[in-house]
Amino acid sequence: MTARSLAFCLLLAAPFAAVAQHEHHDHAMHMDQGGVVMNANTDRLPRGCEQISDDLEFTIFAGSAYAGERPGVIFGMSEHEVRVPPCSRLTIHFVNEDAVRHQWMVHGLPRYLYPAGMFHIEAMGGQRQSGTFIVPPEDRTYLIHCDMAQHMEKGMRGQLIVGGGSGTLWGVTGISDAFYRSSYLPSTVAALVAALAVIAFAVTMGWKAWRLRQATERGSRPGVCARPRR
């Protein structure tokens, strides 16, 4: 590659590097050998909150020891559901008891306050990290999960319920169904399908019995014989 070509490539890459650097600085990040805390917020109130309603602390343990006996679950958390009042300030002490990295992430938070709409704690194997953030005033249910590959699918999925919440999320370990059930299907859909199958079987067997009876009656009538073919 000539010097002119190299200079041209660097010129093209400069805007993308600037954007990446800007996005990195947008995330308030604390990092040490034990892990990372991203988008911590101890004093900036979300819109609609006039003051901090409560100061709460939760210690949440993560690791395979909390998977339980659930099929397909390898990892877990000591608390898969956290309930808090609106406008409360939460301090999460996240303790990783495994040898691999784990994360405690909340999604869907207001982006004007939390870049990418998330609060993020990551603890290296055998380490712990603590972070604080303030929840908005609306009643809503937020997703909690570990974003490491396959960790959420293997059990590290939870929910943060603010106020009355906005419903229960699907796939929350030990709380809700592992798969999403569409809202237009009745909760008794399995029983309905089974009932329809029984009805269809009964109708089919009844029709066959009627045909057999008709054939038997025609064959037993006196003077009835088969019409010769031409």
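For every residue, the table says whether it meets (1) buried (at least 20 other Cβ atoms within 10 Å of the Cβ); (2) free of Cβ contacts under 8 Å to residues at least 12 places away in the same chain; (3) not basic (Lys, Arg).
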| residue | (1), (2), (3) |
| --- | --- |
| Asp98 | no, no, yes |
| Arg111 | no, yes, no |
| Tyr114 | yes, no, yes |
| Ala123 | yes, no, yes |
| Phe133 | yes, no, yes |
| Ala149 | no, yes, yes |
| Met156 | yes, no, yes |
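If you go through the stretch 72-95 one residue at a time, do you hit one that is surrounded by 19 or more Cβ atoms within 10 Å (Cβ to Cβ), free of Cβ contacts under 8 Å to residues at least 40 places away in the same chain and of a type in the set (Gly, Ala, Ser)? There is no residue in the stretch 72-95 that is surrounded by 19 or more Cβ atoms within 10 Å (Cβ to Cβ), free of Cβ contacts under 8 Å to residues at least 40 places away in the same chain and of a type in the set (Gly, Ala, Ser). When only residues in the stretch 44-69 that are without any contact (Cβ under 8 Å) to a residue 40 or more places away in the chain and charged (D, E, K, R) count, which is surrounded by the fewest Cβ atoms within 10 Å (Cβ to Cβ)? Among those that are without any contact (Cβ under 8 Å) to a residue 40 or more places away in the chain and charged (D, E, K, R), it is Glu69. Selection over the stretch 174-230 of residues that are assigned to a loop (DSSP other than H, G, I, E, B) and either at pLDDT below 85 or among the aromatic types (Phe, Trp, Tyr) (or both) gives a count of 22.
Of the residues examined, Glu50 is not one that is acidic (Asp, Glu) and under 16 Å from Ile144 (Cα atoms). Across the stretch 31-56, the number of residues qualifying as touching a strand residue (DSSP E or B) at 6+ places or on another chain (Cβ under 6 Å) and farther than 18 Å from His120 by Cβ comes to 3. Only a single item in (1) modelled with pLDDT of 95 or more; (2) in contact with a His (Cβ under 7 Å, 6 or more places away or on another chain) is not met by Val135, and it is number (2).
The values are calculated or read from the model by the stated rules, or taken from the named source; none is laboratory data. The shown structure was predicted, so the numbers you read here are calculated from the model rather than taken from an experiment. Virtual Cβ from ideal backbone geometry, glycine too; neighbours counted across all protein chains shown.
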